[in-house]
Structure formats: C-alpha cells, structure tokens
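**Q** Sharing a structure, written as structure tokens. Questions coming.
The values are calculated or read from the model by the stated rules, or taken from the named source; none is laboratory data. This structure is a prediction, so every number in the text was calculated from the model and none was measured. Here the Cβ positions follow ideal geometry from the backbone for every residue, glycine too, while neighbour counts run over all protein chains shown. Ligands, DNA and RNA are excluded from the accessible area calculation, which covers all protein heavy atoms including side chains. Shrake-Rupley method; radii C 1.70, N 1.55, O 1.52, S 1.80 Å.
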Amino acid sequence: ITGYIEVARSSSDCEIIAGGKYSDKDGYYIRPTIVLTSDPYCKLMKEEIFGPVLTVYVYDDAEFDSIINTISETTPYGLTGAVFAEDRMAAVHASTRLLHTAGNFYINDKCTGAVVGQQPFGGSRASGTNDKPGSPSLLQRFVSPRSIKENMIPISGYTYPSNQ
C-alpha cells in the first residue's frame, strides 16, 4: 500500500490531497489517503489497492459516456464498483454500460458495503470467479445438476396427447 502512496507522491499526474503518511513505529498504520489524478490510466486507477487509498479523477459532465468506456477498459479487475448520481437515468445508464465490470455494484451507496450472511459478495474479471459466498448460487460452482425422469407406467404409445 505504501508503494502506491509513493507512486502518487512521485508522479506529476497525481497530488496527495489528504493523508499520505504511514508509520511502522507502533504497529503498522497507514493514514487514509486521497489522491487526485489528472490521468485516468495512472497505476492507482488500474490496480486493486487493498488499503486506505482512494484515487479520484475529475471529468467534465460532457465526458460521461467517454469516462464509462474508460472505466470499463482501464483495468482487468472487477471486485466492486459504485456510481453516485442525482440523475436516476444517468445511474441506470452507467449501471447498464458497466454490467460486467464489477462483481458487486452499488448505486448511491458506499462501496463494499457487503455484510457477510446478508449480501452475497464476490469479484469478477481478474478479481475472482464472481461466486457469491452466502448465496445459493455458489452451490452451482460445485455441482453438476442432472434431471432424471422415470416413467412407472408402461408406455402404450409414442406420441404426446397434444399431438393427436
């Protein structure tokens, strides 16, 4: 995680606007960090960071469709995603266009708000198999369903009654 902070600190396209400090003197603490970037393809936008680092890219409203493409194409990962919008149609549009970009997708809610046992959670793309532990659908990963029909009455004809 500290490596990402140092990448942001040394990049001309990034500005640490909050946090950016860490210490291993008493335990190992990394201050929650917010990085503003002018490059939507910077390392911090393309990789999963499992720590308190948030990277922000500000775009013009007119670039909305373009930025959705950028989000979809920037990274192979897809653990969690979120869209915040006052315009309901914009949120639906983004959700539809970003259909396969995240295993869990939130609209106007905190990202990664999954609660074990209450909401299935699992990443897609390079972030996982999109299995949802806690969901009945997870069982499908480990079984091969098979249907069996057995007739206990001797067959008296070969056509279906509806075909007569």
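**Q** Just give me the residues in the stretch 57-86 being free of Cβ contacts under 8 Å to residues at least 24 places away in the same chain and open to solvent by 90 Å² or more (accessible area, probe 1.4 Å), in sequence order.
**A** V58, D60, D61, A62, E73, E86, listed by residue number.
**Q** Moving on. Tell me the residue from L54, L99 that is of a type outside the set (D, E, K, R), open to solvent by 90 Å² or more (accessible area, probe 1.4 Å) and part of a strand (DSSP E or B), please.
**A** Going through L54, L99 in turn, just one is of a type outside the set (D, E, K, R), open to solvent by 90 Å² or more (accessible area, probe 1.4 Å) and part of a strand (DSSP E or B): L54.
**Q** Need the failing condition index for D39 against (1) at positive phi; (2) touching a residue at least 24 places away in the same chain (Cβ under 8 Å); (3) surrounded by fewer than 16 Cβ atoms within 10 Å (Cβ to Cβ), just the number.
**A** (1)
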